[in-house]
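These notes concern the structure reproduced below.
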Amino acid sequence: MSTVDEPLYPIAVLIDELKNDDIQLRLNSIRRLSTIARALGEERTRKELIPFLCENNDDDDEVLLAMAEELGVFVPYVGGVEHARVLLPPLETLCTVEETCVRDKAVESLCRIGSQMRENDLVDWFIPLVKRLAAGEWFTARVSACGLFHIAYPSAPELLKTELRSIYSQLCQDDMPMVRRSAASNLGKFAATVESAHLKTDIMSFFEDLTQDDQDSVRLLAVEGCAALGKLLEPQDCVSHILPVIVNFSQDKSWRVRYMVANQLYELCEAVGPEPTRTELVPAYVRLLRDNEAEVRIAAAGKVTKFCRIVNPDLAIQHILPCVKELSSDSSQHVRSALASVIMGMAPVLGKDATIEQLLPIFLSLLKDEFPDVRLSIISKLDQVNQVIGIDLLSQSLLPAIVELAEDRHWRVRLAIIEYIPLLASQLGVGFFDDKLGALCMQWLQDKVHAIREAAANNLKRLAEEFGPEWAMQHIIPQVLEIINNPHYLYRMTILHAISLLAPVLGSEITCSSLLPVVITASKDRVPNIKFNVAKVLQSIVPIVDQSQVVEKTIRPCLVELSEDPDVDVRYFSNQALQAIDNVMMS
């Protein structure tokens, strides 16, 4: 083959692979379409590659999905925006396939290309494509068409705009529920491009059709459109058109629709203004908090803090707090968990007095919940309450419950408590911490679960950073070093881990006088796991001990002895440590 043809040879291979029976080869070739296009050049890509892709009747969804994705970024390879229209035919074909994810990706790529196209090209090529899809015999084409109107509409002349609105109206009343669903989910995007005069008339009439649909899957997508439409309309239009729909939806016979309302309601409060919120939306929200379906209560409970931020505190205390009290003892653990994950955020909204009187008892009951996730959610957000009521009240009311949870039978709850301890320590102060929580921190070092022991060692390091080396030397080190004599080797290993974490915080002097002798003694342990962990700890201590005589007289001899151990792992880690020492000394 001549040298001129050589660059085209791999291209020929890639094009052949597009027809290969092996799906992996076809996929590989599709993913490298941009390489093929660059090699062919813009003109040959337009005249040869794109027509070839139009005729490519591959039936594998994975290949079609990759093709839809690639074509979305293909505008530069066909000669820029003026030739972007050549990409429309293959994507139009992909918009009609059966697999949803392929259609969605093709629509996404068409939107991307359409947003770059020139206005006259949109009118001549893109809008006819949308009309063809909307009139498609097979429902898949009509489903795809709904996602393209917001790109086609702004550039259309007045007559075409009227026609596009009329076509969308037909799609909203299509026989197939899938088409009506697509029309409902894309209505917000389309409405954002429509002139305000037609917004109140045409778009609101489409919306009303969709909200009265007999399929709950269509109605729940119409709910999603409520918030988007509410932001486009003037407050008074929002009150007259959207508010009645939402209030009806909050009592819909389908729990899925009520679930969507519970998720969206707080967004509508901003659109309708304070007075309609007080008279209409608060009662609707209260109904959802007391719904007979647990899924609806979960969605409503998860939005309780966001809703309280929008309404004024008095309304929240009067109407929403009684529901929150009921939900805190709900029969569904998932409802209580959803409530626990957000309820702490209500403290800053309601203020100090209401938090002490109304919320604290709810926090306490949730802290004692039988379901660990509920307790976890409360523990992890305690700092939000602390900012409102202060540490004295928090410690009196919630600390006994925290101490109880420190010994919880679920290890994840104990872990959450440990991770919260440094924050609690910094808020409580050193005196209070020593009295109430110091013993707990030592207790966790001998927990049966490894993750707890590891977190406890990290916890000691963070406490030493908070309260300083002198406090650590007095309150932590003596108790930690006692455990090195524990008969169980796993606890001895935890102490070695704790020493490696504490040494950088405590500094050279304390490390040499108190920690190093313990590590050296541990090197004589009968368990190989302890010995190779001693080697690791000694390696980590070397940069902290800045006196070379300590390294040469104490650390190196110990490692040399370990490097002759019968156990292969002990020898390996000892030699690693010796090598690290040599590098440190040389530098």
In the range 69-94, which residues are open to solvent by 50 Å² or more (accessible area, probe 1.4 Å) and aromatic (Phe, Trp, Tyr)?
-> Tyr77
Residue selected from the range 32-45 under the condition among the basic types (Lys, Arg) and modelled with pLDDT of 80 or more, by the criterion least open to solvent (accessible area, probe 1.4 Å) | Arg44
How many residues does the range 90-123 hold that are under 20 Å from Asn56 (Cβ atoms) and of a type in the set (S, T, N, Q)?
-> 3
Filtering the range 246-270 down to residues that are part of a helix (DSSP H, G or I) and open to solvent by less than 20 Å² (accessible area, probe 1.4 Å) yields Ile246, Phe249, Val257, Val261, Ala262, Leu265, Leu268, Cys269
Test set (1) out of contact with any Leu (no Cβ under 7 Å at 6 or more places or on another chain); (2) surrounded by 17 or more Cβ atoms within 10 Å (Cβ to Cβ) - Leu490 fails condition number = (2)
Which one of Lys524, Lys531, Lys448 is in contact with a helix residue (DSSP H, G or I) (Cβ under 7 Å, 6 or more places away or on another chain) and of a type in the set (D, E, K, R)?
-> Lys531
Hey, any hits in the range 340-349 for a residue that's at pLDDT below 80 and either surrounded by fewer than 18 Cβ atoms within 10 Å (Cβ to Cβ) or in contact with a Gly (Cβ under 7 Å, 6 or more places away or on another chain) (or both)?
-> yes
Hey, any hits in the range 570-586 for a residue that's open to solvent by less than 70 Å² (accessible area, probe 1.4 Å), more than 19 Å from Ile476 (Cβ to Cβ) and of a type in the set (Asp, Glu)?
-> yes
Somewhere in the range 330-346, is a residue farther than 21 Å from Val413 by Cβ and in a helix (DSSP H, G or I)?
-> yes
The range 75-109, subset part of a helix (DSSP H, G or I) and among the polar types (S, T, N, Q), residue modelled with the highest pLDDT = Ser109
So Leu187 clears everything in (1) part of a helix (DSSP H, G or I); (2) more than 31 Å from the chain's Cα centre (by Cα); (3) closer than 26 Å to Ala145 by Cα; (4) of a type outside the set (Asp, Glu) except one condition, right? Which one?
-> (2)
Looking across the range 539-556 at residues that are in a helix (DSSP H, G or I) and farther than 13 Å from Asp582 by Cα, the single one that is least open to solvent (accessible area, probe 1.4 Å) is Ile541
Condition broken by Met442, with the remaining ones in (1) within 16 Å of Val403 (Cβ to Cβ); (2) modelled with pLDDT of 80 or more; (3) buried (at least 17 other Cβ atoms within 10 Å of the Cβ); (4) more than 33 Å from the chain's Cα centre (by Cα) satisfied = (3)
Within the range 46-57, can one find any residue that is in contact with a Gly (Cβ under 8 Å, 6 or more places away or on another chain), outside any loop (DSSP other than H, G, I, E, B), of a type in the set (Lys, Arg) and within 22 Å of Gly114 (Cα to Cα)?
-> yes
Just one listed residue, out of Ser109, Ser144, is in contact (Cβ under 8 Å) with a residue 40 or more places away in the chain, surrounded by 15 or more Cβ atoms within 10 Å (Cβ to Cβ), farther than 29 Å from Arg44 by Cα and of a type outside the set (Phe, Trp, Tyr), and it is Ser144
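The values are calculated or read from the model by the stated rules, or taken from the named source; none is laboratory data. Computed from a predicted model, the values in this text were never measured in an experiment. FYI the Cβ positions are ideal-geometry reconstructions off the backbone, even for glycines, and counts take in every protein chain you see. Note: areas computed on protein heavy atoms with side chains; ligands, DNA, RNA excluded. Shrake-Rupley method; radii C 1.70, N 1.55, O 1.52, S 1.80 Å.
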